[in-house]
1. Return the sequence-ordered ³J(HN,Hα) values of the stretch B:93-108 in whole Hz as given by the Karplus equation 6.51 cos²θ - 1.76 cosθ + 1.60 applied to θ = phi - 60°, using x for Gly and Pro.
2. At B:VAL21 and B:LEU242, where each label point lies 7 Å from the Cα along Cα→Cβ, what is the point-to-point distance in nanometres?
3. Where does each of B:MET68, A:MET23 land when they are ordered by accessible area, with a 1.4 Å probe and the largest first?
4. Mind grabbing the interface size between B and A? I mean buried accessible area, both sides, 1.4 Å probe, in Å² to the nearest hundred.
5. If you count, for every residue in B:60-68, the Cβ atoms of partner chains within 10 Å of its Cβ, what is the mean?
6. When a/c reaches 1.5 or more, the comparison of a/b and b/c decides; with that in mind, is the stretch B:114-218 rounded, prolate or oblate per its Cα gyration tensor?
7. What net charge is computed for the residues neighbouring A:ILE128, neighbours being all others with C-beta under 12 Å from the C-beta of A:ILE128, Lys and Arg scored +1, Asp and Glu -1?
8. Can you classify chain B as rounded, prolate or oblate using the Cα gyration tensor, where a ≥ b ≥ c are the square roots of its eigenvalues, rounded means a/c under 1.5, and otherwise it's prolate if a/b beats b/c and oblate if not?
Amino acid sequence: MQVSLGTLIAQGISFFVFIWVTMKLVWPPLVKAMAERRAKIADGLAAAERGKSELEEASTQADTLVRAARDQAAEILEQANRRAANIEAEAKADGERERERQLVAARAEIEQEISRARDELRGQVADIAITSAEKILGREIDAGKHRDILDKLAAQI
Amino acid sequence: MASENPSASEFVLHHLTNFSVGEGVWTLHVDTLFFSWLTGIFFVTVLWLGARTATAGVPGKMQNFVEMLVDWVDNSVKETFHGPRDFVGPLALTIFVWVLLWNFLDLIPVDWVPMFAYNVLGFEYTRIVPSADINAPFALSISVLLLILVYSVKGKGFGGFGHELLTHPFGSHPLLWIPNLLLNLVELIAKPVSLAMRLFGNLYAAELIFILIALLPAWILFVPGSAWAIFHILVVPLQAFLFMTLTIVYLSLAYEKH
């Protein structure tokens, strides 16, 4: 074991040479690469987190949409039902009115027919009465003179 | 080997002698420098291969491995040192990986490389573990001391650092300036000394034990040898980790205002 100043100095210079080489060639690219990778991984994790929250948001949105669509469909169905009931009721009311109208018309017609028949009958009754009276009296009755009697008779029928 | 049939102490001493060039204090330990550069170039190449094509996308196996290492070192630095990590990060990474590889060289059986160097290359002495040569740990820890001074000035300014040196533990009375300064200087010097001696002591002792085990007869050698190697596997990363962590702690103490 000998102390050797020459070795000491040469060794010290070697030391700084190797530090320098490490500082220039080894350290910076590795530290840079590791820092970049760290940033990349952090970005990736953040993106995944963002994607997850977006998915959640989209799914709640889809839920809301489906619920709204279902509500709307139910409403439309109800409206249609109401409408159908309305139409049915209207049709029923129309039919009722038509029946009433036709009934009234038929009644009026019958009434008219009856009164016409009655008038006809009344005329015939007067004729029959005159004929019958002529036969009974054996003479002609002046229809003009006895109008009031004949009318009275016809009115009694 | 130095002689055909070396005695035990000759064998041990031979294994503890560096391949030196030059005389006196300017001697260069060629083996220490060579294996330091070998391991240094190896780790820089491996890390560079992983970092060269680094992308923020899916990493390859190589990038994964290197990133794991860098991330671990970066976190260790971040926990303690609250300042810019552009330099301190690479510093900690270099210390950890380099010292780890130095220490791992201790697990290569003690005779392999010296024998190869002697028989093939003709080198008389070879020591392959830089951390067991006191100059290598001290080179690191003295560099760390220089960085402590730089970061003290960077964090507190010349005035703040000087003020702390003169007034810190005991108080700001002028009579206390000299004791304060002395204590701070001792503390400042104790840091690199303890840092280097801890690493050196552990690895030197381990190497010595491996050498002593190598003296045993061949038929029993592998039992204590493997037992010590398994134990040493714990020491190898622990010492590298301690050197790195203490460096970060010292720099953060230097950088932050109290």
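1. 4, 4, 4, 4, 5, 5, 5, 4, 5, 3, 5, 5, 4, 5, 7, 6
2. 3.4 nm
3. Order by accessible area, largest first: B:MET68, A:MET23.
4. 3700 Å²
5. Other-chain Cβ atoms within 10 Å of each residue's Cβ, averaged: 1.
6. It is prolate, given that a/c is not under 1.5 and a/b is the larger ratio.
7. Values: positive: A:ARG122, A:LYS135; negative: A:ASP127, A:GLU134.
With Lys, Arg at +1 and Asp, Glu at -1, the net is 0.
8. Working: a/c = 2.36, a/b = 1.46, b/c = 1.61.
Oblate, because a/c is 1.5 or more while a/b does not exceed b/c.
The values are calculated or read from the model by the stated rules, or taken from the named source; none is laboratory data. For clarity, every value in this text was computed on a predicted model and none was experimentally measured. Ideal geometry is used to build each Cβ from the backbone, glycine not excepted, and the neighbour counts take in all protein chains shown. Please note that ligands, DNA and RNA were not included when accessible areas were found on the heavy atoms of the full protein model with its side chains. Shrake-Rupley method; radii C 1.70, N 1.55, O 1.52, S 1.80 Å.
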